[in-house]
Amino acid sequence: MLVYPHPLDYATGIKYSVVDKSLGVEYTVSPESFIVEEIVDFEKTGFNNEKGEYAVLRVLKVNTETFKALELVSSKLGIPVGNIIFFGIKDKNATTKSYFFIKSQLLDPSLLPIETRGVKIELVGFTKKKPSRSIFQGNKFTVIIETGRVEVVKTLREIVDIISTTGIPSYYGYQRFGVKRCNSHLLGKLLLLKREDLFADVLLRTIHLLEDPDVSLRRLLGVYRGLIYEEHYISSKLGMGMTSLAKKTHNILVDAYASYLFNLLLNKIIEISSLNGLATSLPMPGCLNATDYYSDIFYLESLKPSVIKLLPCFHRPGLFKPRNNVVYTRGDSVIYEFELEPGMYASIVLRELFKDKLYFEGK
């Protein structure tokens, strides 16, 4: 097993890879090379094309954040974001297809479709009842690798065979923490600790090496125009910046910190019991029995019980396996299609394939 094969691993607590070999080619995650499709079991909701309790909106987006699409729908339809049901935060640097659900009596269908640069939202039908998370089956991913090398196909099939048989540690992927500014978990910790001074410094002023130079310059100058979360933080009422931002992001900052702690737990178990130790369900750090697993991690993070109890609690598999794997060629490209169950990250699969030759577009 390789240790920290990707530069972002150090910041995110992602330590071990299952496969030592790499495809040996560069791959940049972008809307042209990475396609995500949400898998939803509409039959469970009584889906139909004419009427129902909830309207189903299909959301097609390119290089656009999920929160931006949510705010667009909220603004155009006059519906609070809190009244929009959705399953998961889809990748920004990708072409994605997902679904929003809105109570039919709140919706004026004449306002649809909505189409702006990078986002298209259209009404596709209705459900007889409120959609629950149980209808979300996961995501299908299409990875397009621009290379004509025959050996890449052979190596890809070998790696896919290993990871789909052995499984991969269910690390939270880079998107959970930010690929250009890998600090969501740091902000989450400071939010829990109520350290507004340090929170402001990390959010507004700290420069990250992977961040675009023009954004870094704006930070140095204190000009945050166009930076969604920074603008929101500054415009919030005095003393309410952290709380307001947490609400705007649906608490993903605190969740990111919990994810970081979970990644550290996976590393600990691998070091004690190898991958075999992950063949079970593991608690997130906010669970009552979490101390049995995280005690040394909590100590190193200087976390007190009053803070720990604010972290989320649910159980997560220690391992995951890509399913319905398909590898084929198309012209000079190699295509890899696979599906993941809810909550698992394609970037962790990509990390196994490309190691340190995995790159991300965007700001």
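Just to confirm a number: summing +1 for Lys and Arg and -1 for Asp and Glu over residues other than PRO322 whose beta-carbon lies under 10 angstrom from that of PRO322, what do you get? Every neighbour counted, the sum reads -2.
With a sphere of radius 14 Å drawn around the Cβ of THR291, what net charge do the other residues whose Cβ falls strictly inside it have (Lys, Arg +1; Asp, Glu -1)?
Details: positive: LYS268, LYS304, LYS309; negative: ASP292, ASP296, GLU301.
After counting each charged neighbour, the total is 0.
Each label point was placed 7 Å from the Cα along the Cα-to-Cβ direction; for ILE234 and SER295 their separation is 4.7 nm. Relative contact order, whole percent, for the chain stands at 25, derived from Cα pairs under 8 Å and 6 or more residues apart.
For the chain, return all DSSP H helices satisfying: extent of Cα atoms along own axis at least 18 Å; mean Kyte-Doolittle hydropathy at least -1.0. Span-like helices in the chain: 150-166, 252-273.
Charges only on Cβ, +1 for Lys and Arg, -1 for Asp and Glu: so what's the dipole of segment 210-336 about the Cα centre, in debye to the nearest 20?
Details: 13 positive and 11 negative charges, 83 e Å.
That gives a dipole near 400 debye.
Using Cβ point charges alone (K and R +1, D and E -1), the dipole size of the chain about the Cα centre works out to roughly 840 debye.
Run the dipole for segment 61-112 about the Cα centre, Lys and Arg Cβ at +1, Asp and Glu Cβ at -1, nothing else charged, and hand back the magnitude in debye, nearest 20.
Numbers: 7 positive and 4 negative charges, 23 e Å.
Dipole about the Cα centre, nearest 20: 100 debye.
Taking a ≥ b ≥ c as the square roots of the Cα gyration tensor eigenvalues, segment 37-126 comes out oblate, since a/c reaches at least 1.5 and a/b does not exceed b/c.
Between LYS194 and GLU271, what FRET efficiency comes out of the Förster formula 1/(1 + (r/R0)^6) with R0 = 35 Å and r the beta carbon distance, rounded to 0.05? Present the calculation step by step, with values, prior to reporting the outcome.
Numbers: r = 33 Å, r/R0 = 0.94.
E between GLU271 and LYS194, to the nearest 0.05, is 0.60.
Counting charges near GLU26 (Lys, Arg +1; Asp, Glu -1) among other residues having Cβ under 11 Å from its Cβ returns a value of 0. A simple spin-label model places the labels of ILE39 and SER306 4.5 nm from each other, with each point 7 Å out along Cα-to-Cβ. Surface calculation, 1.4 Å probe, protein heavy atoms: GLU26 sits at approximately 130 Å² accessible. Per-residue SASA remark: LYS21, around 90 Å² accessible (1.4 Å probe; ligands, DNA and RNA not included). Cross-link pairs exceeding 18 Å in C-alpha to C-alpha distance, out of LYS140/LYS247; LYS51/LYS128; LYS21/LYS140; LYS90/LYS248, comprise LYS140/LYS247; LYS21/LYS140. Near THR28, the amide H atoms lying under 5 Å from its own belong to TYR359; only residues 5 or more places off or on other chains count, and H is placed 1.01 Å from N. For segment 10-76 and segment 264-300, what is the centre-to-centre distance using only Cα atoms, to the nearest Å? When both Cα centres are located, 28 Å separates them. Which residue fluctuates most in the GNM of the chain (Cα springs below 10 Å): SER33, SER281, SER302? Largest GNM mean-square fluctuation: SER302. Of the residues SER273, ILE14, PRO312, the one whose Cα sits farthest towards the positive end of the charge dipole of the chain is PRO312 (charges of +1 on Lys and Arg Cβ, -1 on Asp and Glu Cβ, taken about the Cα centre).
The values are calculated or read from the model by the stated rules, or taken from the named source; none is laboratory data. The structure displayed is predicted, hence computed values, not measured ones. Positions of Cβ are generated from backbone atoms using ideal geometry, with glycine treated the same way; all protein chains shown enter the neighbour counts. Accessible surface is based on the protein model in full, side chains and every heavy atom, while ligands, DNA and RNA are left aside. Shrake-Rupley method; radii C 1.70, N 1.55, O 1.52, S 1.80 Å.
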